[in-house]
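Structure first, commentary second.
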């Protein structure tokens with residue numbers, strides 16, 4: 001009986017659920033009370049754990065272990081203690097948190113070279129009780145995640161960025177640290193450049209920290225991952241308009257607005273269609289071999305580009321004609337979505353001496369609490385229009401259609417500075433991390449508001465890797 005029990009327990013594998021495994025329930029019923037309490041059975045269960053069985057499938061019973069299972073049982077006790085301590089707050093699912101993060105920093109806003117979104121995660125369902133927001137994954141941040149029993153690290157910079165060629169256990173690179181966190185079921189989400197573009201994101205947070213009010217974006221550019229739209233125009237006999245409309249709407253056409261708040265949207269114009277079918281045709285209306293005049297409706301609607309194939313297939317299926325006439329037109333929409341960086345105007349009520357480059361630089365130091373920064377340009381120059389670009393944007397601000405007096409950014413290379421100087425644009429260079437840190441408490445606040453039952457904190461560890469003497 002003991003051998004059968006040991007073999008069965010070894011076959012149990014982790015399913016991601018906290019419920020008792022059905023095999024475990026069956027074995028518990030088949031064993032007598034006396035047998036379940038014996039040290040022999042305890043050793044068999046311990047051997048099962050050492051062979052890879054997850055403790056959540058067995059239960060939370062105090063069992064003495066042999067040497068092979070001692071370390072695993074210590075982990076079980078810690079896990080159950082965490083579960084009991086956190087049972088007062090309902091957990092939220094990781095998929096729900098990812099949905100909220102994707103709404104805060106839409107993935108299609110990210111640069112094509114970036115690696116954003118959920119970088120590590122489980123195959124099945126997973127509950128999140130504690131989250132941490134950090135700028136980078138450093139050894140200090142990793143330690144905080146482990147000691148703070150964090151389930152999800154929202155790391156602004158993606159620790160897994162370039163293709164990983166080698167993994168090192170106990171390594172110090174961000175990718176190595178991410179793997180070790182995954183071993184402890186601590187998953188990572190990175191918003192990076194998607195958050196830079198998003199309204200209320202990195203650049204807006206920097207502007208707010210400096211008491212500047214953005215009035216536009218520095219640069220609009222197409223985002224390759226952005227969902228485009230097409231306009232569908234089709235000509236339908238009056239008798240079949242509703243049939244065709246229902247088919248294309250069912251396939252995903254006709255949705256307008258963010259999160260598709262309006263559906264089944266169309267425009268219909270009556271008119272007269274003509275056709276002449278040769279002897280090989282079988283027209284649904286009129287006869288072959290003669291010119292026909294048919295009362296038709298010009299039916300127009302909008303189609304998400306990825307659904308164009310499904311919508312046109314539905315149209316052909318519902319349309320009464322052998323060869324329905326329709327057009328798919330590429331739509332050029334307005335710049336409704338935010339772009340990279342922000343533009344802000346200096347407050348008009350300020351005194352002239354408060355609108356100089358020197359005064360703006362002092363404001364940056366005071367508001368952000370930084371010890372030093374770099375200033376490029378005439379310190380007495382009067383500043384009216386300011387560009388804001390957190391992180392490292394290089395010469396991107398110089399492509400802005402609007403004339404800028406100064407750009408506040410995180411980092412500029414030597415040749416970028418020369419380009420700014422040649423263009424007559426001043427610059428205040430805060431430091432890469434210093435320009436991005438203001439968004440961390442903002443992002444943590446949004447997550448805490450969305451999930452009030454979940455603990456959300458900003459990493460206390462210092463993410464800046466250098467010191468200023």
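Here are some notes:
- The packing ranking of peptides 106-113, 166-173, highest mean first, is 106-113, 166-173, where packing means the average number of other beta carbon atoms within 10 angstrom of each residue.
- If you plug the beta carbon distance of residue 291 and residue 243 into 1/(1 + (r/R0)^6) with R0 = 25 Å, you get a FRET efficiency near 0.45.
- Relative contact order of the stretch 148-193: 55 percent, from C-alpha pairs under 8 Å at least 6 residues apart in sequence.
- Classification of the stretch 229-330 by its C-alpha gyration tensor yields a prolate form. The axis ratio a/c (a ≥ b ≥ c) is 1.5 or more, and a/b outweighs b/c.
- Remark: spin-label model distance residue 162-residue 103 equals 3.7 nm, labels positioned 7 Å along the Cα→Cβ axis.
- Label-point gap, in nm, between residue 401 and residue 465 - each point 7 angstrom along Cα→Cβ: 3.8 nm
- Cα gyration tensor shape for the stretch 335-414, rounded if a/c is under 1.5, else prolate or oblate: oblate
- Alpha carbon centroid spacing (whole Å) that separates the stretch 146-203 from the stretch 291-329: 47 Å
- Cα gyration tensor shape for the stretch 367-430, rounded if a/c is under 1.5, else prolate or oblate: rounded
- When peptides 187-199, 285-297 are ranked by their average number of other Cβ atoms within 10 Å per residue, the highest-first order is 187-199, 285-297.
- Most to least packed among 270-281, 435-446, 303-314, 135-146 [average Cβ atoms within 10 Å]: 435-446, 135-146, 303-314, 270-281
- Share of Cα-Cα pairs in the stretch 330-469 lying beyond 26 Å, as whole percent: 35 percent
- Taking every alpha-carbon pair in the stretch 164-206 and binning the separations at 10 Å intervals from zero gives 26, 32, 26, 16 percent.
- The stretch 94-213: projected area of the alpha-carbon convex hull, averaged over directions, in nm²: 8.2 nm²
- For a label point 7 Å along the Cα-to-beta-carbon line of residue 305, residues of the stretch 174-209 with backbone N under 19 Å: 194
Bear in mind these aren't lab numbers, they're just calculated from the coordinates by the rules spelled out. This one's a predicted model, so the numbers in the text were calculated from it and none came from an experiment. Methodologically, a virtual Cβ is constructed for each residue, glycine included, from the backbone with ideal geometry; neighbour enumeration extends over all protein chains shown.
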